[in-house]
Amino acid sequence: MGIARLAAAGKLLESAGADALLILGMTNIRYLTGFSGSDGALMLCREGSWFLCDSRYTTQAGEEVSGCRVVEYRVKVDAIANLAAEQGWQRICFDAEQVSVDLHLRLSAAMEKTRLLPLGGELDNLRSAKSAAEIEAIEKSCFLASAALEELLPTIRPGVEERALALELEILMKRAGAEEKAFDFIVASGGRGALPHGRPTGKRILPGELVTIDFGARLHGYHSDETVTLAVVSADRRQREIYAVVREAHDRAIASAKPGVGCREIDAIARDFIASRGFGEYFGHGLGHGVGLEIHEKPTLSPRSEQVLAEGMVVTIEPGIYIPGWGGVRIEDTVAITADGCRLLTRASKELIFVG
Ligand code: ZN
Ligand code: ZN
């Protein structure tokens, strides 16, 4: 954290042809400075960096922020404009995805002589390849979530509501030390399994149904992401067949994931296999995504992705088949890309598990 990461961000100044970089997204601020609060601004130029915050965060910033001068403000836009004027910055690039039209108008009004240059995803790309400490943090989060699911499994019986399962899983995770759930869990049973993002409802799970549970924890800011599809009491031939297809697609993608392989190629390995078994039209979403300080981050594993896997990246592999009126299966693991392959961070078994 601190100096090395700030220096990497500073390199973006050259390509953008700017004097300074203004960062308003809190995830990137946390990544670059260590600050874990929810408001502030980071400005950096070739000579140094400033972290700006209001009085609620001055003490916290003093403890957490490394590599920057900490400046307290009353009005954020004014503080940014004052620093720019003081330093004589003419061209400032900023993280466009984090700036609303309203904030952009206010910044432009406060800095009439300064050109504001939008940056694309370059800043987010800095976070793609994780350090060993980050991978360890994600692995701890994955381990905690997988263990909570293991604890939940024996309690899943016919008659229990989807939302009761989601709540119980959240309680188990938090009791085990998770600071928060990684996202709103998905629990989708029976025909509802056809919804890739089915929110848990009051529907009771029934014998003979499949139940998809997509869950994760957040620990020290780092997320985990995992999906299991369970069989309640029994599974028929079609359920077993579709599960086996998704499992094979998942296993093939994991076996192929290593540095140098295109994210699009990994996606195609799973997608082509599913299509070869006749289910191509039922796998609509991308194969996976990066996981870190955000639950969804770079790189994206999809047919349109331009990114290439590199050592240290942490990504999900999550093929699925969703058939309207029938239901669905998704199997998801979070993996870390190693020097010559990948390593599973999530731990729940991906065999078809029978509950009830
Ligand atoms: Zn997930
Ligand atoms: Zn995911």
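The values are calculated or read from the model by the stated rules, or taken from the named source; none is laboratory data. None of the values given here were measured: they were computed from a predicted structure. Cβ sites come from the backbone with ideal geometry, for glycine too, and all protein chains shown count toward neighbours. Side chains are part of the model used for accessible areas, which takes the heavy atoms of the whole protein and leaves out ligands, DNA and RNA. Shrake-Rupley method; radii C 1.70, N 1.55, O 1.52, S 1.80 Å.
Annotations
- Taking the 1.4 Å solvent-accessible surface of region 249-313 as the whole, the part contributed by carbon and sulfur is 50%.
- Surrounding net charge for residue 304, when Lys and Arg each add one and Asp and Glu each subtract one, Cβ distance under 15 Å: 0
- Low-density loop cleavage sites - GluC sites (Glu not before Pro) in region 285-356, where at most 12 other Cβ are within 10 Å (DSSP): 306, 351
- In the context of the full set of protein chains, region 132-355 has a per residue accessible area of 40 Å² (1.4 Å probe).
- Listed residues 290, 110, 88: farthest to the positive end of the dipole of the chain (Cβ charges): 290
- Cα long-axis angle, helix 3-16 against the chain (0 to 90 degrees, to the nearest 10): 80
- Here the chain carries DSSP beta bridges of which approximately 75% are antiparallel, counting only pairs with both residues inside.
- Relative contact order, percent, region 2-125 [alpha-carbon distance under 8 Å, six or more residues apart]: 27
- Helix content alone sets the calculated 222 nm mean residue ellipticity of the chain: runs of n ≥ 4 DSSP H residues at -39500 (n - 2.57) each, divided across all residues, give -11000 deg cm²/dmol.
- Placing R0 at 56 angstrom, the Cβ-Cβ distance between residue 354 and residue 308 gives a FRET efficiency of 0.90 after rounding to 0.05.
- Difference of contour (0.36 nm per residue) and Cα-Cα distance, residue 60 to residue 38: 6.8 nm
- Segment residue 104-residue 78, extension gain: residue separation times 0.36 nm, minus the distance between their alpha carbons: 8.1 nm
- Degrees between helix 101-110 axis and first principal axis of the chain (Cα, 0 to 90, nearest 10): 10
- Gained length - residue 151 relative to residue 241, 0.36 nm times residue gap less alpha-carbon distance: 29.7 nm
- Rounded if a/c under 1.5, otherwise prolate or oblate - region 132-355, Cα gyration tensor axes: oblate
- Nearest-20 debye value, the chain charge dipole, Cβ charges on Lys, Arg, Asp, Glu: 400
- Since only 149, 169, 187 are under comparison, the one whose Cα sits farthest along the positive direction of the charge dipole of region 143-198, derived from C-beta charges on Lys, Arg, Asp and Glu, is 187.
- 11 Å reach of a label modelled at residue 131, 7 Å along Cα-to-Cβ, counting backbone N of region 24-42: 31-34
- Taking a straight line from the alpha carbon of residue 113, these aspartates and glutamates sit under 14 Å away, with near neighbours fewer than eight places off in the same chain left out: 19, 86.
- In terms of its alpha-carbon gyration tensor, region 199-313 comes out oblate; a/c meets the 1.5 threshold, while b/c is at least as large as a/b.
- Surface per residue (accessible, 1.4 Å probe) for region 2-125, Å²: 48
- Portion, in percent, of the accessible area of region 2-125 that falls on carbon or sulfur, probe 1.4 Å: 48
- Region 67-119 shape via C-alpha gyration tensor axes, a/c threshold 1.5: rounded
- Cleavage-rule hits, GluC sites (Glu not before Pro), region 227-291, DSSP coil, Cβ neighbours within 10 Å at most 16: none
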